[in-house]
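Report on one structure; see the data block that follows.
The values are calculated or read from the model by the stated rules, or taken from the named source; none is laboratory data. Quantities reported herein were computed from a predicted structural model and do not represent experimental measurements. Because the Cβ atoms are built from the backbone with ideal geometry, glycine has one as well, and the counts that use them run over all protein chains shown.
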Amino acid sequence: MTSTPEGAQAPAKGSRAGRNLPAAIGVGCSLGAVLIAVLLLVPWAWYIVVSIALAIATWEVVKRLRDGGYAVPVIPMLVGGQAIIWLSWPYGLEASFVAMAATVLVMMVWKLVGQGLSNAPENYMRDLSVAVLVLAWLPMLATFGVDMVRQDLGNMRVFTLVIVVVCSDVGGYAAGVLFGKHPMAPAISPKKSWEGLAGSAIVGTIGATACAYWLLETPHWWIGPILGPLLVVVATTGDLVESQIKRDLGIKDMGTLLPGHGGIMDRLDSLLPSAFITWVVLALLL
């Protein structure tokens with residue numbers, strides 16, 4: 001019998017995948033409605049939505065890290081994360097990389113003088129390394145997701161990203177619940193199965209092909225069979241990465257803001273690396 005980590009919520013009974021399914025569906029539909037309204041009516045507001053979500057997600061991760069004994073610099077990470085996202089609007093991705101480098105420099109000094117120059121900071125390299133990882137993992141990857149909205153058919157590119165990741169999630173969940181017998185990574189995420197991955201690949205590829213044809217208005221139908229499997233692998237890997245980080249920290253979820261899902265970060269774990277891959281593939285193939 002496995003035990004729930006201290007401070008974590010036990011999964012809802014009756015769900016073989018460890019979710020409170022009605023709550024998860026309700027929250028997912030609500031978030032989907034907001035996303036559709038923003039991207040169809042005011043695409044530029046996508047920057048606002050993402051920046052708010054990233055601020056909350058960064059706070060969730062930082063809080064969990066500090067609870068776990070990592071003294072990461074909170075203020076530079078929150079302010080720098082916003083700069084990384086927003087500077088891409090007028091100046092493009094180059095400005096985001098500049099903001100990333102500037103934030104790292106500020107954190108280096110912040111940690112060095114945080115307790116006064118007469119006191120040497122403890123775990124300096126460890127804490128800085130974790131902070132840089134979080135910056136690259138959250139705001140830097142998210143920037144590729146917001147930058148797409150500035151491109152031709154930008155809102156449809158973002159829709160494609162979200163739809164394919166959702167298709168992957170739904171296909172994996174359904175196949176895992178119905179047919180899952182062979183664990184894929186039992187030491188990291190016991191609920192994931194190879195059957196679930198196959199379901200993700202099938203539904204995700206169908207979703208990507210449909211998006212390429214109807215949303216992106218491209219005659220190149222083969223973009224879907226390329227993008228779909230890539231996003232399935234990347235989204236699944238992103239989920240496993242967050243699962244391992246949470247396992248290291250001894251927690252079940254990064255937060256509790258979204259019933260049936262956990263925190264904002266628990267919804268972004270697959271989307272963030274997928275945003276980068278979607279940006280690259282569509283930039284190359286469209």
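Some notes on this structure:
- Residues being within 22 Å of the chain's Cα centre (by Cα), at pLDDT below 95 and hydroxyl-bearing (Ser, Thr, Tyr) - total across region 184-215: 1
- Single residue of region 102-126 satisfying the filter (over 24 Å from residue 46 (Cα atoms) and buried (at least 20 other Cβ atoms within 10 Å of the Cβ)) that is modelled with the highest pLDDT: 107
- Residue list for region 64-77, restricted to those being surrounded by fewer than 16 Cβ atoms within 10 Å (Cβ to Cβ) and in a helix (DSSP H, G or I): 66, 67, 75
- Members of region 215-247 that are part of a helix (DSSP H, G or I), more than 17 Å from residue 169 (Cβ to Cβ) and not hydrophobic (A, V, I, L, M, F, W, C): 224, 225, 244, 246, 247
- Restricting region 80-92 to residues that are in contact (Cβ under 8 Å) with a residue 24 or more places away in the chain and surrounded by fewer than 19 Cβ atoms within 10 Å (Cβ to Cβ), the residue that is farthest from residue 262 (Cα to Cα): 92
- Any chance residue 181 is under 30 Å from residue 252 (Cβ atoms), touching a residue at least 40 places away in the same chain (Cβ under 8 Å) and either under 21 Å from the mean Cα position of the chain (by Cα) or surrounded by fewer than 23 Cβ atoms within 10 Å (Cβ to Cβ) (or both): no
- The listed residue being part of a helix (DSSP H, G or I) and surrounded by fewer than 18 Cβ atoms within 10 Å (Cβ to Cβ), out of 95, 53, 57, 99: 95
- The single condition from (1) of a type outside the set (A, V, I, L, M, F, W, C); (2) touching a Gly at 6+ places or on another chain (Cβ under 9 Å); (3) buried (at least 22 other Cβ atoms within 10 Å of the Cβ) that residue 145 fails is (2).
- Subset of region 252-286 (residues that are among the aliphatic types (A, V, I, L, M), crowded, with 19+ Cβ neighbours inside 10 Å and under 19 Å from residue 67 (Cβ atoms)): 254, 264, 265
- Condition met for residue 167 (more than 17 Å from residue 281 (Cα to Cα) and surrounded by 16 or more Cβ atoms within 10 Å (Cβ to Cβ)): yes
- The criterion of at least 3 residues that are of a type in the set (Ser, Thr, Tyr) is met, among helices (runs of 4 or more DSSP H) falling completely within region 139-214, by 154-179, 194-210.
- Candidates 209, 236, 218 - the one that is crowded, with 22+ Cβ neighbours inside 10 Å and among the polar types (S, T, N, Q): 236
- Residues in region 64-79 that are within 20 Å of the chain's Cα centre (by Cα) and closer than 17 Å to residue 53 by Cα: 64, 74, 77, 78, 79.
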